[in-house]
Amino acid sequence: PEDIRVYEFAEACGKSPAEVITVLFSLGMMVTKNDFLKQDELEILGEEFGIEVTVKDALEDVNYIEDYHGEDVDESSFVTRPPVVTIMGHVDHGKTSLLDKIRSSKIAAGEAGGITQHISSYTVEKNGQKITFVDTPGHAAFSAMRARGANVTDIIIIVVAADDGVKAQTEEVISHAKASGCPIIVAMNKMDKESANPDMVKAQMAERELTPIDWGGNTEFIGVSAKTGEGIDELLENILIQAELLELTADPSAKAKATVIESSLEKGRGPVANIIVQNGTLRIGDNIVCDTTFGRVKAITDDNGRPVKELGLSETGTVLGLNEVPTTGSIMVVMDSDKEARDIATTRAEHARAKELSKSTKVSLEEMSGLI
Ligand code: GTP
Ligand code: MG
């Protein structure tokens, strides 16, 4: 829908653009010949002209690339890949601190106002097995970022401060988590506190259909403390058990496909994309296309900011070399040639621009009559 212009439609059904415009005008819809037709307008025109209208995605020919890594695959080259685990929860319940403890770093203390404002991701190792974590902000203003986190993830950890219980963003996170269909682990944090009340958390979560295993449900609840480190081993072991059940596999020899979780324009570095690799291996020199942007991978840094030559399955890092800042949530795909990558990105960019233009020149009949 919205991918065919008035004159293209007219051409396709052997009418003149004027005929198409007249039909829509008589029904109160103002369009010009360059405007894109909406689904309902297409239906009306179909009825009016007595033709059957089926809508094909104009970008079908370029958008297939995001799936093509899954086609013609040789299953024998698949290997187990690390899980991507997203940490979500209400503001200040200790998501970043928990991740800090897991990585033995000190990020939460260095954040502006102690509030996470970006999605960040880290790969850690436990018993020789990798786990990639995605940290999300709990603040109410960042729900789009949380939704994005939910898209790339295999397992969701809902952090609930055991002294505070279920709060507004906990509720929001529960619905994201359920909608994602991912296994959920509840980490009851701040267990070191005198006022910690894990039974309260369990009861509140059970009311929301996340019932603890020891209460006869099937959700794992683990008491942890980002301060003392209590329960963290158990949490990590649990993640690995869940991951094993999911049988996550991918092909390290495939051309890489990754998801952009954050992006920015950095002084002296240009467009920077923070990605998680979902399939294949991304290497320096690869030709990439990412939504409407393209380029060649110039440099890769790992989650510690160290330069690396490649990123493997489920690994996370930043990529330099795109011509523009890609939209977060978009898919980065490696193409065979520089030209291929450029052509796809350009087609998409032109299409997006035309659509934007068509929006801004469209005036409704009501607006028109207001002018007369
Ligand atoms: P947002 O990113 O703003 O959503 O917060 P967050 O969930 O990442 O919380 P953060 O890790 O920034 O921690 C919030 C506060 O709780 C900080 O002052 C931490 O020191 C404190 N805190 C986190 N975990 C624990 C814990 O296990 N025990 C105690 N006592 N304090 C904790
Ligand atoms: Mg945080």
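Selection over segment 171-195 of residues that are surrounded by 14 or more Cβ atoms within 10 Å (Cβ to Cβ) and either under 23 Å from the mean Cα position of the chain (by Cα) or not in a loop (DSSP other than H, G, I, E, B) (or both) gives a count of 15. Determine if segment 109-119 includes at least one residue that is closer than 16 Å to Ile157 by Cα and either near ligand 2 (Cβ under 9 Å from one of its atoms) or part of a loop (DSSP other than H, G, I, E, B) (or both). Checking segment 109-119: at least one residue is closer than 16 Å to Ile157 by Cα and either near ligand 2 (Cβ under 9 Å from one of its atoms) or part of a loop (DSSP other than H, G, I, E, B) (or both).
Beta carbons closer than 6 Å, at least 6 apart along the sequence or on distinct chains, pair a first residue in segment 178-196 that is among the aliphatic types (A, V, I, L, M) with a second that is surrounded by fewer than 18 Cβ atoms within 10 Å (Cβ to Cβ) and assigned to a loop (DSSP other than H, G, I, E, B) for Met191/Glu230.
Consider segment 225-242 and keep the residues that are closer than 12 Å to Ile185 by Cα and in contact with a Lys or Arg (Cβ under 9 Å, 6 or more places away or on another chain). The one that is surrounded by the fewest Cβ atoms within 10 Å (Cβ to Cβ) is Glu237. Since Ile131 meets every condition but one in (1) within 13 Å of ligand 2 (Cβ to nearest atom); (2) assigned to a strand (DSSP E or B), which condition does it not meet? Here Ile131 clears every test but (1). Please go through segment 136-157 and pick out each residue that is of a type in the set (A, V, I, L, M, F, W, C), within 11 Å of ligand 1 (Cβ to nearest atom) and touching a helix residue (DSSP H, G or I) at 6+ places or on another chain (Cβ under 7 Å). Answer for segment 136-157, where residues must be of a type in the set (A, V, I, L, M, F, W, C), within 11 Å of ligand 1 (Cβ to nearest atom) and touching a helix residue (DSSP H, G or I) at 6+ places or on another chain (Cβ under 7 Å): just Ala140.
Taken over segment 115-135, the criterion of being modelled with pLDDT of 85 or more, touching a helix residue (DSSP H, G or I) at 6+ places or on another chain (Cβ under 8 Å) and β-branched (Val, Ile, Thr) is satisfied by Val124, Ile131, Val134.
Considering only residues that are over 19 Å from Thr86 (Cα atoms), within 22 Å of the chain's Cα centre (by Cα) and free of Cβ contacts under 8 Å to residues at least 40 places away in the same chain, which ones fall in segment 272-304? Thr281, Arg283, Val297, Ile300, Thr301 - these are the residues of segment 272-304 that are over 19 Å from Thr86 (Cα atoms), within 22 Å of the chain's Cα centre (by Cα) and free of Cβ contacts under 8 Å to residues at least 40 places away in the same chain.
The values are calculated or read from the model by the stated rules, or taken from the named source; none is laboratory data. From a predicted model like this one, the values you see are computed outputs, not experimental measurements. Cβ: placed from backbone, ideal geometry, glycine included. Neighbour counts: every protein chain shown.
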